[in-house]
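K.L.:
Sharing a structure, written as structure tokens. Questions coming.
The values are calculated or read from the model by the stated rules, or taken from the named source; none is laboratory data. Because the structure is a prediction, the values reported are computed rather than measured. Please note: Cβ atoms are built from the backbone with ideal geometry, for glycine as well, and neighbour counts cover all protein chains shown. Side chains included, ligands, DNA and RNA excluded: accessible areas come from the protein's heavy atoms. Shrake-Rupley method; radii C 1.70, N 1.55, O 1.52, S 1.80 Å.
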Amino acid sequence: MSRIWERVSRNPTLGLLALLIIMWVLAWLFVPNFGSLDNIRNILRQASDLSVAAMGVLFVLLIGGIDLSVGALYGLVSVVLVTVMIETGSFPLALAAALATGLLFGLVNGVLVQYVRIPAFITTLGGFYIAYALAQMISSGSMLSMPADELFLSLQRGQLLGIPYLVVLAAVVAVVAWFGLNHTGFGRSVVAVGYNRVTAGLSGIRVPRIIVSCFVIGSGMAALAAVMLTSRVQIGVPTLGGFNATFETITAAVVGGTSLFGGRGTVVGVIIGAIIIRTIGNCIVLLNITHLLYQAVMGALIVTSLVI
């Protein structure tokens, strides 16, 4: 037991994985219909977009920043995607416009934080309201129906060897993010900046470029997550994410072992954190418990993770 505890202490991801397994075993035993294959697929499908967005937040948290605009960006990207699809009938063009919206939003956030010296908390909180207002104006405050498109529908309905396409896409993004953080100079620079910006700068790392890049990556991945979520609901909704999505992405990252002070966090941990969150939400629905409890559980998870 002492050797097991020592290994878990050195690698908190093992402890997270053990927690997830325990949760699934208990849910399998005590939550009706939890163990069905369709329900497991549903949990993973719902965790896919959250995982992608949380991996984007991971990059921002690793440099010691924070991004509160993710939830509103969901809604903005959603209405941009559907609006361009309605106007052009081209899903590739709509996808390009949606992702470009996220990347541009991240670039503006990064420039304001790094060069105008506005704290990330204030910058991204202001960005939240700006994105929310833009989404409301573009959609005139209403939901937009997505035109029928086989390529877009297949993203939500399709499966590869029984695994939903959304889960496969999230896995591909995870592999790219993991490789980028662990096996490239950029990834090592991100962690170094998070540990100590002054030391990183003195060692030759271009700190401003790293900081702006992380905000761009964070918003770009949030945009991709918004596309994935829009494919599930099949409508453009200006309120698609809101504070709830912002809260969930940060919770997934923190529960996954990412430090709010920068320099520490893993892609695998973030994914496990996202699955834990979706598992809790799924159990609350299956047990017919008020959804208001979900918010309380998420808050308790953040506090507990920080204490640990």
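K.L.:
Please verify whether segment 121-129 includes one or more residues that are out of contact with any Phe, Trp or Tyr (no Cβ under 7 Å at 6 or more places or on another chain), surrounded by fewer than 17 Cβ atoms within 10 Å (Cβ to Cβ) and closer than 15 Å to Leu240 by Cα.
P.N.:
Within segment 121-129, one or more residues are out of contact with any Phe, Trp or Tyr (no Cβ under 7 Å at 6 or more places or on another chain), surrounded by fewer than 17 Cβ atoms within 10 Å (Cβ to Cβ) and closer than 15 Å to Leu240 by Cα.
K.L.:
Looking at segment 51-69, can you tell me whether even one residue there is of a type in the set (Asp, Glu), over 13 Å from the mean Cα position of the chain (by Cα) and either closer than 12 Å to Val216 by Cα or open to solvent by 10 Å² or more (accessible area, probe 1.4 Å) (or both)? Break it down into steps so the answer makes sense when it comes.
P.N.:
First pass over segment 51-69, keeping only residues of a type in the set (Asp, Glu): 67.
Okay, now just the ones that are also over 13 Å from the mean Cα position of the chain (by Cα), so none.
No - not one qualifying residue is present in segment 51-69.
K.L.:
Is it the case, given these coordinates, that Gly256 is open to solvent by 10 Å² or more (accessible area, probe 1.4 Å) and either modelled with pLDDT under 85 or of a type in the set (Gly, Ala, Ser) (or both)? Let's see the steps before the verdict.
P.N.:
Numbers: open to solvent by 10 Å² or more (accessible area, probe 1.4 Å): no; either modelled with pLDDT under 85 or of a type in the set (Gly, Ala, Ser) (or both): yes.
Judged against the criteria, Gly256 is not a match.
K.L.:
Among residues belonging to segment 20-43 that are of a type outside the set (A, V, I, L, M, F, W, C) and assigned to a helix (DSSP H, G or I), point out the one that is least open to solvent (accessible area, probe 1.4 Å).
P.N.:
From segment 20-43, those of a type outside the set (A, V, I, L, M, F, W, C) are 32-33, 35-36, 38-39, 41-42; that's our starting set.
Keeping just the survivors that are assigned to a helix (DSSP H, G or I) gives 38-39, 41-42.
Values: Asp38: 112, Asn39: 17, Arg41: 54, Asn42: 50 Å².
So the residue we want is Asn39.
Each row is one residue, and each column tells you yes or no for (1) open to solvent by less than 20 Å² (accessible area, probe 1.4 Å); (2) closer than 29 Å to Leu44 by Cα; (3) modelled with pLDDT of 85 or more.
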{"position": "Ile118", "(1), (2), (3)": "no, no, yes"}
{"position": "Met137", "(1), (2), (3)": "no, no, yes"}
{"position": "Leu153", "(1), (2), (3)": "no, yes, no"}
{"position": "Arg157", "(1), (2), (3)": "no, yes, no"}
{"position": "Pro164", "(1), (2), (3)": "yes, yes, no"}
{"position": "Val172", "(1), (2), (3)": "no, yes, yes"}
